[in-house]
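Right, one structure below, let's go through it.
None of the figures in this text is laboratory data; all of them are computed from the coordinates on show. Since this is a predicted model, take the numbers as computed values, not measurements. Positions of Cβ are generated from backbone atoms using ideal geometry, with glycine treated the same way; all protein chains shown enter the neighbour counts.
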Amino acid sequence: MKLAAIDTGTNSTRLLISDYSDGKFVTLERKMEITRLGRDLDINNHFISEDSARKTLEVLSSYQNMMKSYNVIKYRAIGTSALRKAENSKDFISLVEKETGIKIDVISGREEAFLSFYGAMKDINLNLPGSKSGSNYMILVIDVGGGSSEFILGDHSCNLEFTHSTDIGCVNLTERFLDSGVPGMEKINQMHDYIKEKLESTIVNIKKFKPLYVIGLAGTITTLAAIDLKLAVYDSERIHGHVLSLDRIEEIYDFLCGMNTEDRKKVTGLNPKRADIIIGGVAIVVEVLRMLDCKSIHVSEKDILDGIVYTLVDF
């Protein structure tokens, strides 16, 4: 049975096509295109630009063709932060359905959190101590997006204790604090102060539960893993389950902050299309780990797309 999930996000538009058979999911396609649907949303009166809409529509059209070629029988397409925020969200969604036949569900932050946690937890080995299920231990999943970052705290059985979405992401931080040049220390410090202020109450709540493990999802986190592993060619199997220490992340961060955008495009493991926004994303990861007094983060290649696909099956 062929299933598919589409995530129309602030920075990228992604597709997962999976074959479900005999209780197992086999990935057939996992695609990601940088479309920047949320570009300049905060400074453009919360309107999606024509250029961003066109790029996203083109990618969604190609995804629809791919789903047809695989004879996908069931799919779900979701919209997150940018489409929750945009004033012309309904117009864009109507255009997509008219041009491609794809129906986009704009989901709440709570549902986004559950799908991300479910996707991340279903297929990662944390070597949980104690009970076989590991249900006594709290696990924090962090999803650093383009326009928002999600914090989801739950147990190994996907019972959620705390979820929060904060409106800081790699795209809006870049637009607020950075340009294409080498970032100056003044701007970097201002950005970190802003992140800490935005995260303070969230971190206080998370610390009450003392999470045992932190799992990171999405492009910023997987890019850090690809850079750490020096992957000239992206390898999801090596990235999934990779553990990054805070010390190593800070080392990579300092390295990236010493370059302009054009030089960052040449870094092994860094998608050139992500070179302009990577610093903002890594800054969030660094501050979260520092504020939590956490020394490492587990990287998951499985995320909200996998969570969506899992919910399409009646187990």
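For segment 2-107, the dipole from Cβ point charges (+1 on Lys and Arg, -1 on Asp and Glu) about the Cα centre works out to 300 debye, to the nearest 20. Per-residue ellipticity at 222 nm from helix content only, as computed over the chain with -39500 (n - 2.57) for each DSSP H run of at least four residues, stands at -13000 deg cm²/dmol.
Over all orientations, the chain has a Cα convex hull whose mean projected area works out to 15.5 square nanometres.
Distant-in-sequence amide contacts of Ser296, defined by a placed amide H-H separation under 5 Å and a gap of 5 or more residues or a different chain, comprise Leu246. For segment 221-315, applying the loop criterion from DSSP together with a ceiling of 12 other beta carbons within 10 Å to the trypsin sites (Lys or Arg not before Pro) yields Lys230, Lys266, Lys295.
Normalised by the number of residues in segment 2-107, the mean separation of alpha-carbon contacts (under 8 Å, six or more apart) gives a relative contact order of 30 percent.
When the Cα positions of Ile195, Leu246, Val285 are compared along the charge dipole of segment 126-304, Leu246 comes out farthest toward the positive end, with charges on each C-beta of Lys, Arg, Asp and Glu. In plain terms, the residue of His240, His298 with the fewest other Cβ atoms within 10 Å comes first and the most crowded comes last, giving His240, His298. Note on the chain: with charges restricted to the Cβ of Lys and Arg (+1) and Asp and Glu (-1), its dipole about the Cα centre is near 520 debye.
Please pull out the direction-averaged projected area of segment 2-107, using the convex hull of its alpha-carbon atoms, in nm² to one decimal place. The partial results should precede the final answer.
On the way: hull surface 25.1 nm².
Result: a mean projected hull area of 6.3 nm².
Would you give the gap between the C-alpha center of segment 185-204 and the C-alpha center of segment 271-314, rounded to a whole Å? What the calculation gives is 18 Å, centre to centre.
Look at the dipole of the chain built from charges on Cβ: of Leu16, Val299, Phe117, the Cα furthest out on the positive end belongs to Leu16.
Cα centroids of segment 7-52 and segment 83-123: 9 Å apart.
Listed by chain and number, the lysines placed with their C-alpha closer than 20 angstrom to that of Lys74 are Lys2, Lys24, Lys31, Lys98, Lys103, Lys302; residues fewer than eight positions away on the same chain are left out.
Treat every Asp and Glu Cβ in segment 126-304 as -1 and every Lys and Arg Cβ as +1, leave all other atoms uncharged, and give the resulting dipole magnitude about the Cα centre to the nearest 20 debye. Value, rounded to 20: 320 debye. Each of Cys257, Phe162, Leu178 was scored by the projection of its Cα onto the charge dipole of segment 126-304, and the greatest displacement toward the positive side belongs to Phe162; charges sit on the C-beta of Lys, Arg, Asp and Glu.
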